[in-house]
Structure formats: structure tokens, C-alpha cells
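For reference, the structure discussed in these notes is given below.
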Amino acid sequence: MSGAELFFYVLAVLAITSALAMIFTPRPVYAVLFMVVNFVAVALLYLQLEAPFLAAVQVLVYAGAIMVLFLFVVMLMGPAPAPLWEHIPAQRPLALLFAVGLLGALATAIRKGAFTPLTGTMSSAIATAGGQSQALAEHLYNRYLLPFELTSLILLVGIVGAVVLARLPRQKNPTTD
Amino acid sequence: MQINWADTSFLLAPEILLTVGALIVLVLDLLIEDDTSPVLPGFTLLALVSAFGAAAAHLVTGVDDVALFMFAADPLTHFFRLLGIGTALLVLLVSVNYVQARSKHTGEFYSLLLWVTLAVVLVAGAHDLILLYLAFEFLSITSYVLVGWLRDDARSNEGAMKYLLFGAISSALMLYGMSLLYGATGTTRLTEIAAFFTIPETQITGLYSIVVPALVFLLAGIGFKISLVPFHQWAPDAYEGAPTPVAAFLSVGSKSAGFAVLARVLLEAMPAFQEHWTSLLVVLSILTMTLGNLVALRQTNMKRLLAYSSIAQAGYILMGLAAYSAGATFPADGLSGVLIYLVAYLFTNVGVFIGAVIFEQATGSVAISDYAGLIRRSPWLAFTFVVFFLSLAGLPPTAGFVGKLAVFYATVAKGLYFLAIIGVLNSVVSVYYYFNVIRQMFFMPAPEGAERVRMPASMGLALAISFVGTLLIGFYPEPFLNLANMSRDFISALPLL
């Protein structure tokens, strides 16, 4: 087993165990911390796949920003949140069925599919741009500029909407009919 | 791939004006303490008028190009720009007094009105599935917020929540359809998708089993916006709960954006599947107009009546797309029928909503029974209602008649006689419930001590514009027919990257 393979297997096991631990732990704060471990393990896997930009974003956005948000939510809810109940009857067996089905479909697709290493236009585009992040940036700020800018407007409207809808109702209401 | 900024800002001028306007309104809102200050609505009006002017200039000078690789600034887009911004202008005129009476947070309302207009415009010009999806989401999210605007009104909250839940599901369906289409063709550009399907069918037979579900999912997502049956359940609740000017915008602006997308996706990306989607559209159209009209018969709330009526109207408009035939002469091609109908529908349906806003503002009621004796309380308002209802029913000499005539003409020219007969039968049914309201206004006694219905000047102006537009198209349709004839061209071939 080469060093790279060892690296992969260690990270893979870490990612899967932390994901399982996150689901099964009864304590919300532990669940959040296990999720951080999972995100970091996946980020390192991206790094091994020679996707440094994705790895950095994974750590910054998920392990950083989103996890902090989750911790805030856990803090606000308190250590013992209301018990979750299942609305759909037979949710667990159904979920298991779908999960196994998805696993089967993915396994078949991976076994039957043909995988080729990065060649042709993509790797040459990366080479011309002088790196993966540069190649990505050239796409993002050129061909995909309009969707990129629109995304920021959508976020802005989301914030304005949250402010509008989350404000406290007025005490007196002169307009109800 | 170098971006030419001068060209880009010229092609996207209406969009840029709307964006900058909305941002400035947001900032001005922070600086201005007074909720009733005329600065914010005035600035919103300025942004809308300048964007309208830019779009009109594009249409008149025949601009036909692609901006930033994804936005088609072609005549079809210019048409929908004018339609969307025009709707927003009329809605703004009736909103000012309405929102000032109901909320202290008027600044956000104006900026959201500009955003939602921008969303309509972007949706209409989106020429790439990625931009299309994002613009559609943009439109949905702004609409959810606007529907839930009346924070203190439980029905407004309920309407927004229902709209959000239905919207999220249909948006997921549409995205799934798009991903299937991308998987099948390897491209997100509408014209490249069309080019892919010019490959002989025998070489890509396996792909048809992917493309047909993709088509169905896309239709479900877009049908939600247009409120086609069976994707319409949100509409009555959202219209009823929403601030009435917002309901007016949803029923016209948002709906016409849906038709723009439908036209682009079907005519630009999937012309190879016309026999598939024609039969789907025929079924949807029959279901939509029949259910809309039958349920409208039993409504007692004006806003719900108008919601079902606008569902039925969507069914008629859809007939035009079902009857589409490429290269046919004007107005037998179906698409021009859709465009004429949409212009007529803009003036008529916004008009009838404006009437409802004026009545609600004066009396606080939206029940149809409270319209009794309106002829004594405001003869002018009652008379405009008659004209709008005549137009909605498709009777001469109004805009609705011209619109229906164009759509039915295309349907018959295409040989879809069954669809045309169902459409005519539905129009007859619709007369009954429209005239029921008129009967209330003219032949029922006004309640004791009812006062005259007064309207603020801006609302009166909006009502007058809609009224004149509805009659003008009925009596002198030539300029509007020319507009539709000019606008039915869309980009069919783009330079490949």
C-alpha cells in the first residue's frame, strides 16, 4: 500500500465514522463537532484529488461559517431541544430502503462506468490559466458573470426578506378586516 | 472571451437601471425618517420609467444581440421587458397609498417591487438554463416576501407560506428536469440544446427516454409560475393573502415571465419535440381553463374570484403556444397571439385589480356582496369595472376580444378544433361569473348609509391608464398588433463559443 492509498483510507474511514457519529450522538454540540471533523476529512480528500480551491472553500465556508451558525442555533435552542417526532409513518424502514437503493444504483453506475483521468480541454485550460483557481476564476468572472452577480442579488433579497418577515408584529393593528 | 463593457452595459441598460434604482431606494430608506415622504416612490417611479424608456428604445431600434453570453437582448425580451416594467408602473401607482396605510416599512416594499421587476425581465431574456434557473428563483423569492408583506395579517403569512412550499417543490422539479436535459445534451444553452437534437433520431434513441421526463419536469416548474392546473393550488391563497397590488403583479407580471420562459424553452430549445409538448400543452390548457372557470363560479371573495379567473386566463393564453407553428404568417403562428393576449391582459387584469384596491382602500372589504350598489357610490368606478369584465370575458369592443380572437385564430389555423371549441365554451361560462359581479354593482341596493367611494389621485390615474388601454386595444388594435408582430422574433441562431 502506497502512502497515498494509506492517506486515502485513513481519511475515508475518518469521514464515514464521523458522519455516523454525528447522526447517532444524542448531544447537539457533539454532533456539530463531529460534523466539523467530517468536513475537514472531506476537504483533505479534495486536496488529494488535486482540487485545492475546493478544499479551501470547504474549510472556509462549511467548517468555518456554516458551523459557527449551527453552533449559534444549538446555543439558542439550549442543550436539550424538543424531542423530534417522525411525521411520516414507517419513516425509518422507508429511509433505509431508499438509502440501500441509492447505494446499489451508485455502485452499479461506478462499476459499469468508464473513468478517464483529467485530460484534454480541462487540464490544458488549467495549464494555460496558470492554476486551477485561476481557471475557475476565468470562468466565473467571464462566461458565468451574470449568474454570479445574480446570486449576490438573490442573497441580498433574501436578507431584505428576512428583515421584513422576521420583524415583530405591531401591538395595535388598525388594518385587520 | 473578452467582455466588451460598453456593449454589455448598453444591452443590459434596463436591467442595470432597475438594479441601481433598487439599491439606491434601499439606501435612501435608511436616510429618510418620514414614511409618507414622496422621495422613495418618486425615485422608484423614476427608475421604472427610465428602464421602460431604455427597453422601448431597444425595441424601436431593433437591438438583437446576446449580453454576457447568457442574456438574449432580442425583440421577444424587449417585449417582455415593456410588459413587466409596465405592470410594475401601474402597480406602483396603486401601491403608494395602500402600503403607507398598512406598514411603516415602505422603503423595502419599493425596492422589492424593483427587484421583482428585474427578476421578470431577467427571466424573459435568460438564454441559458443556469441563468434561467437563478432568475426564476430570484422571481420566486422576491414574490414570497411580497406576498407575506402584511406581517400582521395571518392570511398574508399563510399565503406566503403556501406559495413558498409549492414553490420550493416545483423549483426542485424544474432543476431536476434541467439536470436531465444537461445530462442528455451536455450543454445548458438553449440554442445548443436545440442544435443537439438536430442529430438524426436513430443515433440518439436512448436519450428520448431522458428528454421526455425532463420536458414534463420543466413544464411542472414553469406551470407553477403560470398557475396552470394541476400546479395552481397556491394561487388563490397567495392572491387572497397578498397585498392586493402584489396580487395584481403576480397575476400579470409574474405570469407573463412564466410564458416568456415557456416560449423560450419550448420554441428555442425543444423544437424537435414539438409533437410531444403540443399534446401536453393542449391537455394542460383544457384542464386549466375549465377548472379555473368552474371554481370561479362559486367564489364570494373578489380576490379569490380574480385568482381563479386569472388561472382560467392562463389556459386561454396557453392555447396560443399549443397552436405554435414556426414560420407561419402573422398572426397565425400562435406566439403573436400569446403576445397580443398578454398586452390585453396587462391592461385588463391590472385594471380590475386596481379597481379592487380602490374599493378595498375605501371600504376595507373584499367581499363581492359588498360591491352591491357601487353604481350609486362611484359611477365611474362601476363603469370601468364593466369594461374590464367585458374584456376578461373576451367580448367586443375591448382588448380581451382582440386577444382571444388572435389566440383562437391561431388554434383554428393549426387545426386544433377541439381545443378551440372548449375555449369558446369556457368563455361562455366565464361570462356568468363576471356578470354576477356587475349585477351586484348595478341592480342590488347599496347598504344603508354607504358613502361615496373616493380614490386618491395616483390610484385614479392608474385606473384611467388601464381603462384607456383596454378600450384603445379594442377600438384601435393596429399599433398593438404591430408591436406583437415586431416582437415575435427571437434569437434562433447564436454564435457558438
- Sort through B:PHE442, B:PHE480, B:PHE467 and tell me the only one that's more than 26 Å from the chain's Cα centre (by Cα) and surrounded by 13 or more Cβ atoms within 10 Å (Cβ to Cβ). B:PHE442
- Can you give me the number of residues within the range B:338-385 that are part of a helix (DSSP H, G or I) and over 22 Å from the mean Cα position of the chain (by Cα)? 18
- Task: Confirm whether B:ALA57 is without any contact (Cβ under 8 Å) to a residue 60 or more places away in the chain, assigned to a helix (DSSP H, G or I) and more than 30 Å from B:PHE359 (Cα to Cα).
- Result: yes
- Task: Report, by residue number, each residue of the range A:6-32 that is open to solvent by 60 Å² or more (accessible area, probe 1.4 Å), modelled with pLDDT under 90 and part of a helix (DSSP H, G or I).
- Result: A:ILE23, A:PHE24, A:VAL29, A:TYR30
- In the range B:17-31, is there at least one residue being away from every other protein chain (no Cβ under 14 Å), open to solvent by 30 Å² or more (accessible area, probe 1.4 Å), out of contact with any strand residue (DSSP E or B) (no Cβ under 6 Å at 6 or more places or on another chain) and farther than 21 Å from A:VAL160 by Cβ? no
- Being more than 23 Å from B:VAL147 (Cα to Cα) and open to solvent by 40 Å² or more (accessible area, probe 1.4 Å) narrows it down to one of B:VAL49, B:VAL63, so name that one. B:VAL49
- Which one of the conditions (1) over 12 Å from the mean Cα position of the chain (by Cα); (2) more than 25 Å from B:ASN97 (Cβ to Cβ) does B:SER227 fail to meet, given that it meets all the rest? (1)
- Mind telling me which of the residues B:PHE217, B:PHE224, B:PHE231 ends up being aromatic (Phe, Trp, Tyr) and in a loop (DSSP other than H, G, I, E, B)? B:PHE231
- Item | Residue within the range B:317-331 that is in contact (Cβ under 8 Å) with a residue 40 or more places away in the chain, among the β-branched types (Val, Ile, Thr) and under 21 Å from B:VAL147 (Cα atoms) present | no
- Find the residue count for the range B:67-96, including only residues that are open to solvent by 10 Å² or more (accessible area, probe 1.4 Å) and either facing chain A (nearest Cβ under 10 Å) or touching a Lys or Arg at 6+ places or on another chain (Cβ under 8 Å) (or both). 3
- Restricting the first residue to the range A:122-147 and requiring it to be within 14 Å of chain B (Cβ to nearest Cβ), which pairs with a second residue that is part of a helix (DSSP H, G or I) and open to solvent by 80 Å² or more (accessible area, probe 1.4 Å) meet a Cβ separation below 8 Å and a spacing of at least six or different chains? A:ALA129/A:GLU138; A:ALA135/A:THR128
- Task: Take A:ILE110 and decide whether it is surrounded by fewer than 10 Cβ atoms within 10 Å (Cβ to Cβ), of a type outside the set (Gly, Ala, Ser), closer than 30 Å to A:ALA135 by Cα and modelled with pLDDT under 90.
- Result: yes
- Message: With touching a residue at least 24 places away in the same chain (Cβ under 8 Å), of a type outside the set (Lys, Arg) and open to solvent by 10 Å² or more (accessible area, probe 1.4 Å) as the only criterion, which of B:THR142, B:THR185, B:THR198 stands out?
- Response: B:THR198
- Could we say that B:SER365 is free of Cβ contacts under 8 Å to residues at least 24 places away in the same chain, among the polar types (S, T, N, Q) and more than 30 Å from B:ALA272 (Cβ to Cβ) here? yes
- Message: Quick test for you: out of A:ILE154, A:ILE159, A:ILE110, pick the one residue that is within 14 Å of chain B (Cβ to nearest Cβ), assigned to a helix (DSSP H, G or I) and either farther than 30 Å from B:VAL66 by Cβ or in contact (Cβ under 8 Å) with a residue 60 or more places away in the chain (or both).
- Response: A:ILE159
- Item | Number of the condition not met by B:ASP64 [criteria: (1) more than 12 Å from chain A (Cβ to nearest Cβ); (2) at pLDDT 90 or above; (3) under 25 Å from B:LYS255 (Cα atoms)] | (2)
- Task: State the number of residues belonging to the range B:233-257 that are open to solvent by 10 Å² or more (accessible area, probe 1.4 Å) and more than 22 Å from B:PHE359 (Cβ to Cβ).
- Result: 1
- Considering only the range B:123-202, give the helices (runs of 4 or more DSSP H) lying wholly within it that have at least 3 residues that are within 10 Å of chain A (Cβ to nearest Cβ) and closer than 26 Å to B:LEU12 by Cβ. B:129-147
- Note on the structure: Result of the Cβ filter at 9 Å on the range B:251-270, keeping first residues that are more than 16 Å from B:GLY334 (Cβ to Cβ) and partners that are part of a helix (DSSP H, G or I) and of a type in the set (D, E, K, R), at least 6 apart or interchain, is B:SER254/B:LYS225; B:LYS255/B:LYS225; B:ALA257/B:LYS225; B:GLY258/B:LYS225; B:VAL261/B:LYS225; B:ALA269/B:GLU192
- Of the residues that sit in the range A:45-54 and are free of Cβ contacts under 8 Å to residues at least 60 places away in the same chain and open to solvent by 60 Å² or more (accessible area, probe 1.4 Å), which one is nearest to A:GLY64 (Cα to Cα)? A:LEU54
- Exactly one condition in (1) within 28 Å of B:ALA457 (Cβ to Cβ); (2) modelled with pLDDT under 95 is not met by B:PHE69; state its number. (1)
- Note on the structure: By residue number, the members of the range B:387-405 that are part of a helix (DSSP H, G or I) and open to solvent by 30 Å² or more (accessible area, probe 1.4 Å) are B:LEU390, B:PHE401, B:LEU405
- Message: With the structure loaded, tell me whether B:VAL99 is open to solvent by less than 10 Å² (accessible area, probe 1.4 Å), at pLDDT 95 or above and part of a helix (DSSP H, G or I) or whether it fails that test.
- Response: no
- Query: Would the range B:414-432 turn up any residue that is touching a residue at least 60 places away in the same chain (Cβ under 8 Å), farther than 14 Å from B:MET289 by Cβ and surrounded by 18 or more Cβ atoms within 10 Å (Cβ to Cβ)?
  - Reply: yes
- Message: What's the number of the only condition in (1) farther than 23 Å from A:THR151 by Cβ; (2) among the β-branched types (Val, Ile, Thr); (3) open to solvent by less than 10 Å² (accessible area, probe 1.4 Å) that B:THR117 fails to meet?
- Response: (1)
- Query: Of all the residues that make up the range B:283-301, how many are buried (at least 24 other Cβ atoms within 10 Å of the Cβ) and farther than 16 Å from B:PHE231 by Cβ?
  - Reply: 2
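The values are calculated or read from the model by the stated rules, or taken from the named source; none is laboratory data. Worth saying up front: this structure is predicted, and the values here are computed from it rather than measured. A quick note on method: Cβ atoms are made from the backbone with ideal geometry, for glycine too, and the neighbour counts reach across all protein chains shown. Side chains included, ligands, DNA and RNA excluded: accessible areas come from the protein's heavy atoms. Shrake-Rupley method; radii C 1.70, N 1.55, O 1.52, S 1.80 Å.
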